[in-house]
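Q: Sharing a structure below in structure tokens format, with a few things to ask.
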Amino acid sequence: MSSKNFLTNLVIATLIAAAFIYGLSFVKSLEPYSLLGWGSILFFVLWSILMYFISRKAAANENKNVFTNAILGFTFAKLFISAGIVYAFFRITEPDSRLFLIPFFGVYLIYTIFETHFMMKLGKTQQTNDK
């Protein structure tokens with residue numbers, strides 16, 4: 001996957017996430033949590049960019065395990081960082097309900113689908129180079 005394709009797909013994923021958060025801002029019970037949604041978009045955009053450039057180098061490596069290890073490392077790190085963000089938001093804002101999870105995990109799901117897509121493309125690039 002070229003950098004241009006990656007950035008185009010990242011913009012599309014970000015527009016979808018922004019439309020999701022914007023739409024949730026019209027739901028009265030979710031409106032107080034829109035800041036968490038916008039912040040999570042920023043986090044996942046930066047995370048995706050970091051993940052792409054490091055994974056692209058890992059996919060070009062002769063050792064196939066480097067790419068697999070990069071995927072696993074990024075997956076676990078994203079999971080732990082996401083849990084930390086949710087926990088910090090919960091401790092700082094003390095929300096009245098668990099509805100604050102909807103904006104964050106909606107954005108999490110959008111970017112996870114996007115990341116899976118581009119990682120599969122990078123993995124195919126690696127297989128093509130091996131032949």
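So that you can scan it fast, the table gives a plain yes or no per residue for (1) within 14 Å of Phe105 (Cα to Cα); (2) within 13 Å of the chain's Cα centre (by Cα):
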position: Met1; (1), (2): no, no
position: Lys4; (1), (2): no, no
position: Thr8; (1), (2): no, no
position: Val11; (1), (2): no, yes
position: Ala17; (1), (2): yes, yes
position: Phe26; (1), (2): no, no
position: Pro32; (1), (2): no, no
position: Leu36; (1), (2): yes, no
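Q: Here's a follow-up. Enumerate the helices (runs of 4 or more DSSP H) found wholly within the stretch 1-109, keeping only those where 3 or more residues are of a type in the set (Val, Ile, Thr) and in contact with a strand residue (DSSP E or B) (Cβ under 9 Å, 6 or more places away or on another chain). Can you show your working first?
A: Details: elements: 3-24, 34-60, 64-93.
By residue number, no helices (runs of 4 or more DSSP H) qualify.
Q: Could I ask something else about it? With the requirement that a residue be of a type in the set (Val, Ile, Thr) and under 15 Å from Met119 (Cα atoms), what does the stretch 56-97 give you? Give the steps one after another, and end with the answer.
A: Of all residues in the stretch 56-97, those of a type in the set (Val, Ile, Thr) come to 66, 68, 71, 75, 81, 85-86, 92-93.
Once the filter is applied, which keeps residues that are of a type in the set (Val, Ile, Thr) and under 15 Å from Met119 (Cα atoms), the stretch 56-97 yields Val66, Thr68, Ile71, Thr75.
Q: Let me ask another. For the stretch 56-110, give me the residue count where each residue is surrounded by fewer than 13 Cβ atoms within 10 Å (Cβ to Cβ), within 20 Å of Glu31 (Cβ to Cβ) and without any contact (Cβ under 8 Å) to a residue 24 or more places away in the chain.
A: 4
Q: Every residue in the stretch 27-49 that is among the hydrophobic types (A, V, I, L, M, F, W, C), modelled with pLDDT under 95 and surrounded by fewer than 18 Cβ atoms within 10 Å (Cβ to Cβ), please.
A: Val27, Leu35
Q: Continuing with this model, one more query. Taking the condition of a type in the set (Phe, Trp, Tyr), modelled with pLDDT of 95 or more and within 13 Å of Phe104 (Cα to Cα), does Tyr87 pass? Reasoning before the result, please.
A: Details: of a type in the set (Phe, Trp, Tyr): yes; modelled with pLDDT of 95 or more: yes; within 13 Å of Phe104 (Cα to Cα): yes.
In short, yes.
The values are calculated or read from the model by the stated rules, or taken from the named source; none is laboratory data. No experiment lies behind these values; they were computed from the predicted model shown. All Cβ positions, even for glycine, are placed from backbone atoms using ideal geometry, and neighbour counts span all protein chains on display.
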